[in-house]
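Enquirer: Got a structure for you, questions after.
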Amino acid sequence: MSDFIQLVVSGVALGCLYALVALSFVIVLRATGVFNIVQGGVVLFSAYLVYNFHVSWGLPFGVALLLTVIVCTAAVVLLDRVLFRPITRHGSGHGQFFAVLLVGVGLLTVCDGLVVAIWGSQPLSENDPWGLSKLTLGSIALTSRDLSVIGITLVLLLAFWYLLQRTRIGVAMRAVASDPEAARVQGINPAVVSAVAWICATIAAVLAGVMLGTAVGGGINSSIDQVSFLALPALILGGAGSIGGCVLGGIVLGVLQSLAAGYAPASFGSGFGQVVPWVVMIIILVIRPSGLLGSRQMRRA
Amino acid sequence: MSAPVMDGTPPVSAQARTARHEAEVRKEMRLASSWWSRAGIVVFIVLGVLIPLSTSNALTISLLTSGAVYGIGAIGMNVLNGYAGQVSMGHAFFVAAGAFTAVVVGSKWHWPLPAWIIAAAVVGAVLGALVAPLALRLQGIYQLILTLGLVYIGIYIFTNWTSVTGGDNGVSANLPLSLGFVNFGNLVIGNEQYSYSQGLLLVSWLLCGLCVLLVANIMRSRSGRAMIAVRDAGLAAEVAGVSPARTKINVFALSSALAAVCGALLAAQLQYVSITQFDYTLSIQFIVMIIIGGVGTSWGPVIGALAISAIPLYITTYAASIPFVKSPTSSSGGFGIQPGQLSLVVYGLLLAIFLVAQPRGLVGLAKSIVRLVPRGRRAGARATG
């Protein structure tokens, strides 16, 4: 039983990371109308940047985090203006969608190469701000890192929920997502909305990157942007791309992955946990193509 | 009642219009529509036979073989994306399936060249047709994610199916290049003896040319036109009696069969297959190839494959003289970039540059240069005549 609870908690922590990355994608998708995988590069770079600011330069962790968010937002908004806007300027049809996606994938490979060029290919260890000490409740041992991940994600999600549902800019963002033309007629400035969306998406991606860098046994390495692909089933599973959908999808998949890795017999072979989210995603697509919480408009062929 | 308004043009008789339409259709239907594509085919065949038999430079042979082998896979990606407008990150899965099929049929059972090529193609087509109904429920990013899932599931299956794939260690592939009456693995013409790699180069280019012709032919057939119709106007195509579902299944089957043949030849080229070669970056490579070459053209994928294969090969060969590049043997540490990583960066940048500046790829570039010449000539003729 205590094993089960430990696995569930670490699964929820993993799911929170998936949810954050998926959320980052969804916010940009809703603000700009195109899917942009370049947030995966932010996940990767932010882990290295925080390491650089915090460990190499000795800045306090909070300052390092803030600096990283600023640098990444600036970089991503610059890329949006220089690279993605010229592509989507003439509408957002099938071709533009694909072009943005591919340029994003290209940039992701550029990021992979760059971090290795700058920081080397050896995994780096962050001076773990949460510590890997165990928290013992009776017979259940939970790493405080997992609890921190869950806590930070919850706080961030609440902040996003408040921003989207209760503030003026949040209403504007939702308006632009549902009908850009009508929103503009109402006097909403699309540039401001997209800037806020990029900032929110970057914050989610930066936190995901930093927390991924503290994973047990992993450290910061050039393959942590793989999570940007592993978060994709969460996006599908969640449905039409709401905050709730991302969180639900991410946590369900994280827990399933954790339980599968923990309980699968050795005969299932290596990597079974990793493949479970994809299999679940395909099964869900067959049974219920609209996802757990979704409408089916944009995904059907 | 007013008389019908006459415009300035003289009335064209129905017969003349039909004749003109038929001439246009005939022109569309021709395999090689212009003199330079016909010349291209002749040059291709001559070079495809002459080069393998005349060079023994390992780098040239390796580059050209990769170009042809990856070219076949890129042709498959082009069918899927260029002609049918579907997106897929799953190409690497079918390439892997083809490679392991070839290992079993060619290397374990020692069946001859046509057998393992055809076996790979059949396995690829069947897998593609099985996956298609799933993939075509979705579109855009959702389709992309589903096909990406295929790569991860494939890696899991192939890693754990150790009796066939050797798991993480990989498996060596000694594929026979024999046709029965002629053995390309040990080719003797007159007094000249040719090596395995030269024979494979010959086989790869012949197969690559065959695939270009095959796809060009399919594209001007009824089912090829159905693919393009479904891409451009799905609803209109359906009204005209084309079944989008069946068309898309055909597209997936054809595309993955080509990917599997590419995998089989890749196994023959490297003489070693390991699942680590088939992750999603391989799928991305194919996408880069067709975009750099020219999406939706017959030769674009092959040209793109040649260009993309050249990058890692030359970067590795000349690593010492490129700034910031470490030689493959040096250990990490200090500022510098590994040759393999640099190729990835170059792919990404090329992709971005081509998509923004020249979305029609190298073939589009060549066409716009070629078009400049006749226009000048035509203008001159009009001025004198």
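Enquirer: Within the group A:Ile243, A:Ile224, A:Ile220, A:Ile251, which residue is more than 13 Å from the chain's Cα centre (by Cα) and either crowded, with 16+ Cβ neighbours inside 10 Å or among the aliphatic types (A, V, I, L, M) (or both)?
Expert: Of A:Ile243, A:Ile224, A:Ile220, A:Ile251, the one residue that is more than 13 Å from the chain's Cα centre (by Cα) and either crowded, with 16+ Cβ neighbours inside 10 Å or among the aliphatic types (A, V, I, L, M) (or both) is A:Ile220.
Enquirer: Out of everything in region B:235-287 that is away from every other protein chain (no Cβ under 14 Å) and assigned to a loop (DSSP other than H, G, I, E, B), what residue ends up being farthest from B:Val126 (Cα to Cα)?
Expert: B:Ala240
Enquirer: Any residue that is within 23 Å of A:Thr109 (Cα to Cα), assigned to a helix (DSSP H, G or I) and in contact (Cβ under 8 Å) with a residue 12 or more places away in the chain - is there at least one of those in region A:258-278?
Expert: Checked against the condition, which is being within 23 Å of A:Thr109 (Cα to Cα), assigned to a helix (DSSP H, G or I) and in contact (Cβ under 8 Å) with a residue 12 or more places away in the chain, region A:258-278 yields at least one hit.
Enquirer: Given the conditions (1) touching a Phe, Trp or Tyr at 6+ places or on another chain (Cβ under 7 Å); (2) of a type outside the set (Lys, Arg); (3) under 30 Å from B:Gln86 (Cβ atoms), which single one is not true for B:Thr147?
Expert: (1)
Enquirer: Among the listed residues B:Val251, B:Val242, identify the single one that is of a type outside the set (Ser, Thr, Tyr), out of contact with any Pro (no Cβ under 8 Å at 6 or more places or on another chain), buried (at least 18 other Cβ atoms within 10 Å of the Cβ) and at pLDDT below 90.
Expert: When all the criteria are applied, what remains is B:Val242.
Enquirer: Looking at this structure, is B:Gln139 within 14 Å of chain A (Cβ to nearest Cβ), of a type in the set (S, T, N, Q) and over 28 Å from A:Gly273 (Cβ atoms)?
Expert: The answer is yes for B:Gln139.
Enquirer: Shifting gears a bit: Mind telling me which of the residues B:Ser298, B:Ser309 ends up being in contact with a Leu (Cβ under 7 Å, 6 or more places away or on another chain) and farther than 19 Å from B:Leu144 by Cα?
Expert: B:Ser309
Enquirer: Take B:Leu144 and decide whether it is touching a residue at least 12 places away in the same chain (Cβ under 8 Å), within 14 Å of chain A (Cβ to nearest Cβ) and either surrounded by fewer than 18 Cβ atoms within 10 Å (Cβ to Cβ) or within 23 Å of B:Gln285 (Cβ to Cβ) (or both).
Expert: Yes.
Enquirer: Could you identify the single residue in A:Ala197, A:Ala159, A:Ala201, A:Ala182 that is at pLDDT 80 or above, surrounded by fewer than 16 Cβ atoms within 10 Å (Cβ to Cβ) and closer than 23 Å to A:Ile70 by Cβ?
Expert: One residue alone meets the criteria, A:Ala159.
Rundown of residues vs (1) of a type in the set (Asp, Glu); (2) closer than 24 Å to B:Arg225 by Cβ; (3) at pLDDT 75 or above, yes/no style:
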position: B:Arg20; (1), (2), (3): no, yes, yes
position: B:Arg26; (1), (2), (3): no, yes, no
position: B:Arg30; (1), (2), (3): no, yes, no
position: B:Trp35; (1), (2), (3): no, no, no
position: B:Gly40; (1), (2), (3): no, yes, no
position: B:Phe44; (1), (2), (3): no, no, yes
position: B:Leu50; (1), (2), (3): no, no, yes
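Enquirer: Out of region B:177-195, which residues are exposed (fewer than 14 other Cβ atoms within 10 Å of the Cβ), touching a residue at least 60 places away in the same chain (Cβ under 8 Å) and part of a strand (DSSP E or B)?
Expert: Listed by number, the residues that qualify are B:Ile189, B:Glu192.
Enquirer: If B:Ala226 passes every condition in (1) assigned to a helix (DSSP H, G or I); (2) surrounded by 21 or more Cβ atoms within 10 Å (Cβ to Cβ); (3) in contact (Cβ under 8 Å) with a residue 40 or more places away in the chain but one, which one does it miss?
Expert: Of (1) assigned to a helix (DSSP H, G or I); (2) surrounded by 21 or more Cβ atoms within 10 Å (Cβ to Cβ); (3) in contact (Cβ under 8 Å) with a residue 40 or more places away in the chain, only one is false for B:Ala226: (3).
Enquirer: Okay, moving on. Tell me whether region B:156-176 contains one or more residues that are over 30 Å from A:Gly269 (Cα atoms) and surrounded by fewer than 13 Cβ atoms within 10 Å (Cβ to Cβ).
Expert: No, region B:156-176 contains no residue that is over 30 Å from A:Gly269 (Cα atoms) and surrounded by fewer than 13 Cβ atoms within 10 Å (Cβ to Cβ).
Enquirer: Among what's in region A:236-252 and is assigned to a helix (DSSP H, G or I) and farther than 15 Å from A:Arg288 by Cβ, pick the residue that is modelled with the lowest pLDDT.
Expert: A:Ile243
Enquirer: I would also like to ask the following. Would you point out which residue out of B:Ala92, B:Ala119, B:Ala115, B:Ala99 is more than 14 Å from chain A (Cβ to nearest Cβ) and either touching a His at 6+ places or on another chain (Cβ under 8 Å) or buried (at least 24 other Cβ atoms within 10 Å of the Cβ) (or both)?
Expert: Exactly one residue qualifies, and that residue is B:Ala99.
Enquirer: So for region B:85-93 (the condition being free of Cβ contacts under 8 Å to residues at least 60 places away in the same chain and more than 18 Å from B:Gly166 (Cα to Cα)), does at least one residue qualify?
Expert: No, region B:85-93 contains no residue that is free of Cβ contacts under 8 Å to residues at least 60 places away in the same chain and more than 18 Å from B:Gly166 (Cα to Cα).
Enquirer: What is the number of the single condition among (1) crowded, with 21+ Cβ neighbours inside 10 Å; (2) outside any helix (DSSP H, G or I) that A:Leu49 does not meet?
Expert: Only one criterion is unmet by A:Leu49, namely (2).
Enquirer: Listed residues A:Phe97, A:Phe35, A:Phe25; which is more than 15 Å from B:Ala352 (Cβ to Cβ), at pLDDT below 90, within 14 Å of another protein chain (Cβ to nearest Cβ) and assigned to a loop (DSSP other than H, G, I, E, B)?
Expert: A:Phe35
The values are calculated or read from the model by the stated rules, or taken from the named source; none is laboratory data. For clarity, every value in this text was computed on a predicted model and none was experimentally measured. Every residue, glycine among them, receives a Cβ derived from its backbone with ideal geometry; neighbour counts consider all protein chains shown.
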